[in-house]
1. Determine which member of the set 20, 2 is of a type in the set (Ser, Thr, Tyr) and open to solvent by less than 100 Å² (accessible area, probe 1.4 Å).
2. Pick from region 35-44 the residues that are open to solvent by 60 Å² or more (accessible area, probe 1.4 Å) and part of a helix (DSSP H, G or I): which of them is farthest from residue 16 (Cα to Cα)?
3. Being more than 17 Å from residue 67 (Cβ to Cβ) and in contact with a Leu (Cβ under 8 Å, 6 or more places away or on another chain) is the filter here, so list the residues in region 1-50 that pass it.
4. From (1) within 19 Å of the chain's Cα centre (by Cα); (2) open to solvent by less than 70 Å² (accessible area, probe 1.4 Å); (3) free of Cβ contacts under 8 Å to residues at least 60 places away in the same chain, pick out the condition that doesn't hold for residue 47.
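The values are calculated or read from the model by the stated rules, or taken from the named source; none is laboratory data. Note that the structure is predicted; figures quoted are calculated from it, not measured. Note that we place each Cβ from the backbone using ideal geometry, even for glycine, and neighbour counts take in every protein chain shown. Heads up: the accessible areas ignore ligands, DNA and RNA and are worked out on the full protein's heavy atoms, side chains in. Shrake-Rupley method; radii C 1.70, N 1.55, O 1.52, S 1.80 Å.
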Amino acid sequence: MTRPNPNFDLTVEDVDLIETALSQSQKILSHRHLSYEHGAQIEGGANMEKAVQTGETLSRIQNLLGRLQMQKVSGTPAAGLS
């Protein structure tokens with residue numbers, strides 16, 4: 001069994017690309033989530049489960065975007081404070 005690599009060699013541009021991709025996914029999933037919620041109100045059942053799962057994924061994406069932003073900000077000195 002392999003161990004995960006704890007050392008990442010990502011540039012700021014790499015992180016920006018990841019953020020952009022996550023933001024685009026977030027927009028798509030937000031629309032899908034609303035559709036599932038609407039369907040759940042009408043039909044219930046499977047749509048409700050999909051809405052819950054999509055909501056959880058949206059929360060994870062938001063959390064990850066926040067952590068990436070904090071990593072970028074805390075990784076560089078603030079302007080004029082160096």
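1. Details: 2 fails: open to solvent by less than 100 Å² (accessible area, probe 1.4 Å).
Exactly one of 20, 2 is of a type in the set (Ser, Thr, Tyr) and open to solvent by less than 100 Å² (accessible area, probe 1.4 Å), namely 20.
2. Keep residues of region 35-44 that are open to solvent by 60 Å² or more (accessible area, probe 1.4 Å), which gives 35, 37-38, 41-43.
Narrowing the set further to residues that are part of a helix (DSSP H, G or I) leaves 35, 37-38, 41-42.
Working: 35: 29, 37: 31, 38: 33, 41: 37, 42: 39 Å.
Among those that are open to solvent by 60 Å² or more (accessible area, probe 1.4 Å) and part of a helix (DSSP H, G or I), it is 42.
3. Scanning region 1-50 gives 29, 30, 33.
4. With respect to (1) within 19 Å of the chain's Cα centre (by Cα); (2) open to solvent by less than 70 Å² (accessible area, probe 1.4 Å); (3) free of Cβ contacts under 8 Å to residues at least 60 places away in the same chain, residue 47 is out only on (1).
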